[in-house]
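Report on one structure; see the data block that follows.
The values are calculated or read from the model by the stated rules, or taken from the named source; none is laboratory data. As the structure is a prediction and not an experimental result, all values here were calculated from the model. Ideal geometry is used to build each Cβ from the backbone, glycine not excepted, and the neighbour counts take in all protein chains shown. SASA here: full protein model, heavy atoms, side chains in, ligands and nucleic acids out. Shrake-Rupley method; radii C 1.70, N 1.55, O 1.52, S 1.80 Å.
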Amino acid sequence: MATRAATSDLYGQNVLATYARFPVALERGEGTRVWDEDGRAYLDFTSGIAVNSLGHAHPAMQKAIAGQAARLIHVSNLFLNRPQAELAAKINAIMGMPGRIFFCNSGAEANEGLYKLARKHGSPQRRNEIITLDGSFHGRTLGGIAATGQIKVKLGFGPPVEGFINVPARIECVANAAGPRAAAVLVEPIQGEGGVKVMPADFLRALRELCDERGMLLLYDEVQCGLGRTGHWHGWHATGAPDAAPDAISWAKGIGGGFPLGAFWLRENLADLLGPGTHGTTYGGSPLACAAARCVLDTIEKEDLLANAREHGARLRAAIDGLKSPLVEELRGAGLLLGVALRDFRWKDSTGSDPRPPALRLTLKLIEHGLLVVPAGENVIRLLPPLNVTGAECDEAVGILREVLAVAGPAS
């Protein structure tokens, strides 16, 4: 029988330690709950970092994956496959604007497609710079860390890929950086890893106007905030600026409901920039991945999960706000992408200081009490339950949070 200690030993001996993993070995899941190898249950408010849109072991996902696996799993992109074409049509319908879609494997790979699109767009005028925002996160590839507006992901990996400019999220800063070589602006409408920060609607509208004036592309990274997580198909709609539509957009995480898939969409007038031979991937858009993603999107519609995400996101916000905890500095986000910003604190029964960041300390304590959350930086924890989370599960999660916050006090 597997045990956490045995699994941890196998990791220690065989798996590259690029993650500081939490001390839990998960074995199975159902809905919003997971069980570890010792049989203990947890309420999963991480969804695999905003991935498991339908929770764990959803019957429709099981049926879709098993059915497609029995017919055709992979054929490469040298051949047509019907599930890919149908998924592209579905996403185009969701976008509501004429465009084309490229399927890949991850968010970082989808963003790489956006960088190439921007450079191809600017190439005739030798415009190859892409402006991104401080605090942003765009993936772990060399291009991704160059685009990311966080120093910590870049340390030790220089020299950086040229052509990326990180600036504060203010329109005057973007305008000042948008010189004659600027080809595009890349923005997360809601920054996830950067602390669940929602871009102001007026800022997105001003970016749209600036890009139009200066011939730049407006690119949205909706890897974390897109396709239902906020209670809207589009993260930029959740900010209050549905009129600030992008020229291209990237997705991953929730699109496959746990099956690896990434994608980017571009407007129809840009489609000729990426013709045959300009871009590719071996696994992206396989029949199996596309069947899984089609099931995810269809189920979100069929079970009205956008409304569920809005309703229970509001329920969580109201309940956490109602705790009146002095440790909670701010609630951020939209729908079921929620960030709880923390003030520094200490455990009441502790005599010494703990140098670990507040978000990590609280996350570990919540895990001890049966609630899985994920930090976003040093002072923010994220609540990312599946889109079909129930009201009772939200109440249970807030109850655990209340219990844990009750044994903590201000740092001084």
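Miscellaneous remarks
- Count of region 372-412 residues, restricted to those that are free of Cβ contacts under 8 Å to residues at least 12 places away in the same chain and closer than 13 Å to Leu362 by Cα, is 1.
- Of all residues in region 250-260, those that are touching an Asp or Glu at 6+ places or on another chain (Cβ under 9 Å) and part of a loop (DSSP other than H, G, I, E, B) total 1.
- Which numbered condition Arg140 misses (of (1) surrounded by 22 or more Cβ atoms within 10 Å (Cβ to Cβ); (2) under 19 Å from the mean Cα position of the chain (by Cα)): (1)
- Taking the conditions (1) assigned to a loop (DSSP other than H, G, I, E, B); (2) open to solvent by 10 Å² or more (accessible area, probe 1.4 Å); (3) under 30 Å from Val373 (Cα atoms); (4) out of contact with any helix residue (DSSP H, G or I) (no Cβ under 9 Å at 6 or more places or on another chain) in turn, His237 satisfies each one other than (1).
- Among the residues of region 137-168, just one is on the phi > 0 side of the Ramachandran plot and in contact with a Gly (Cβ under 6 Å, 6 or more places away or on another chain), namely Gly139.
- Only residues that are open to solvent by less than 30 Å² (accessible area, probe 1.4 Å) and either in contact with a strand residue (DSSP E or B) (Cβ under 6 Å, 6 or more places away or on another chain) or β-branched (Val, Ile, Thr) (or both) were counted across region 52-66, and they come to 1.
- Residue in region 375-389 that is closer than 22 Å to Ala20 by Cα and open to solvent by 40 Å² or more (accessible area, probe 1.4 Å) present: yes
- Residue that is most open to solvent (accessible area, probe 1.4 Å) [pool: residues in region 261-276 that are among the aliphatic types (A, V, I, L, M) and assigned to a helix (DSSP H, G or I)]: Leu273
- A count restricted to region 373-412 and to residues that are in a strand (DSSP E or B), touching a Lys or Arg at 6+ places or on another chain (Cβ under 9 Å) and among the aliphatic types (A, V, I, L, M) stands at 3.
- Taking region 309-366 as the range and being part of a loop (DSSP other than H, G, I, E, B) and either in contact (Cβ under 8 Å) with a residue 24 or more places away in the chain or closer than 24 Å to Ala41 by Cβ (or both) as the test, the residues that pass are Leu323, Ser325, Pro326, Leu327, Gly335, Leu336, Arg343, Asp344, Lys348, Asp349.
- Filter result for the condition that a residue is within 19 Å of Leu227 (Cα to Cα) and out of contact with any strand residue (DSSP E or B) (no Cβ under 6 Å at 6 or more places or on another chain), over Ala17, Ala88, Ala108, Ala69: Ala108
- Output for region 241-259, where each listed residue is open to solvent by 40 Å² or more (accessible area, probe 1.4 Å), touching a residue at least 12 places away in the same chain (Cβ under 8 Å) and farther than 11 Å from Arg208 by Cα: Lys253, Gly258, Phe259
- Lone qualifier among Ala69, Ala41, Ala110, Ala17 - being in contact (Cβ under 8 Å) with a residue 60 or more places away in the chain, loosely packed, with under 14 Cβ neighbours inside 10 Å and in contact with a Phe, Trp or Tyr (Cβ under 9 Å, 6 or more places away or on another chain): Ala41
- Counting only residues that are crowded, with 16+ Cβ neighbours inside 10 Å and either of a type in the set (S, T, N, Q) or part of a loop (DSSP other than H, G, I, E, B) (or both), region 162-202 holds 13 of them.
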